[in-house]
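Read the structure below first, then the notes.
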Amino acid sequence: MKTKTKTLAIAGLLAGLACVPAAAQSSLAMLDSLSPGAWELRYRDGAAKRRLCVRSGKEFLRLRHPRSDCNRFVVEDGRSSVTVQYTCRGDGYGRTSIRRENAELVQIESQGIKSGRPFQFAAEARRVGSCR
């Protein structure tokens, strides 16, 4: 009988954890370890380079939805890589994976829907200086 009680207690605990919001699930510390400043994105498909000012590295998660109000679910939160799925009410969704090579160089893959249209890209982001 004690085994059944323990099993039910564990099942209840796991069910409770499933309800924890994504922000509380993980810290995405790898992104916080990136050097702040100006970063240059180089898309693998040859699209024009893009610069952005990075404060925490989380800016890389929603490159196609930068101003949208989005909910996220952390799929992977590792020492050198993260994967996040997000949904932006009324504006689509995406899934982004970021692999850290060092504090000033990351590889990004992302795909999803933005304003009813699909997107998919791979890019390299490199720190190039200070934000202006």
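None of the figures in this text is laboratory data; all of them are computed from the coordinates on show. Predicted model, so just to flag it, every value in this text is computed and none were measured. Ideal geometry is used to build each Cβ from the backbone, glycine not excepted, and the neighbour counts take in all protein chains shown.
Does the stretch 56-65 include one or more residues that are exposed (fewer than 14 other Cβ atoms within 10 Å of the Cβ), out of contact with any Asp or Glu (no Cβ under 6 Å at 6 or more places or on another chain) and not β-branched (Val, Ile, Thr)? No; the residues of the stretch 56-65 include none that is exposed (fewer than 14 other Cβ atoms within 10 Å of the Cβ), out of contact with any Asp or Glu (no Cβ under 6 Å at 6 or more places or on another chain) and not β-branched (Val, Ile, Thr). Taken over the stretch 107-132, residues that are more than 18 Å from Asp32 (Cα to Cα) and either in contact with a Pro (Cβ under 8 Å, 6 or more places away or on another chain) or among the hydroxyl-bearing types (Ser, Thr, Tyr) (or both) amount to 4. The residue pairs whose first member lies in the stretch 51-64 and is at positive phi, whose second member is of a type in the set (A, V, I, L, M, F, W, C) and surrounded by 19 or more Cβ atoms within 10 Å (Cβ to Cβ), and whose beta carbons are closer than 7 Å, counting only pairs six or more residues apart or on different chains, are Gly57/Leu31; Gly57/Leu34.
Across the stretch 57-64, not a single residue is classified as of a type in the set (A, V, I, L, M), within 12 Å of the chain's Cα centre (by Cα), closer than 12 Å to Met30 by Cβ and in a strand (DSSP E or B). Condition first: more than 17 Å from the chain's Cα centre (by Cα) and assigned to a loop (DSSP other than H, G, I, E, B). Now tell me which residues in the stretch 32-51 satisfy that. Within the stretch 32-51, Arg44, Asp45, Gly46, Ala47, Ala48, Lys49 meet the criteria. Residues of the stretch 66-94 that are polar (S, T, N, Q), over 9 Å from the mean Cα position of the chain (by Cα) and either in a strand (DSSP E or B) or surrounded by fewer than 16 Cβ atoms within 10 Å (Cβ to Cβ) (or both): Asn71, Ser80, Ser81, Thr87.
Candidates in the stretch 95-106 are the residues that are of a type outside the set (D, E, K, R) and closer than 17 Å to Pro36 by Cα; of these, the one that is nearest to the chain's Cα centre (by Cα) is Ile98. Taking into account only those residues within the stretch 37-55 that are under 13 Å from Val106 (Cβ atoms) and out of contact with any Lys or Arg (no Cβ under 6 Å at 6 or more places or on another chain), which is surrounded by the most Cβ atoms within 10 Å (Cβ to Cβ)? Going through the qualifying residues, I end up with Val54.
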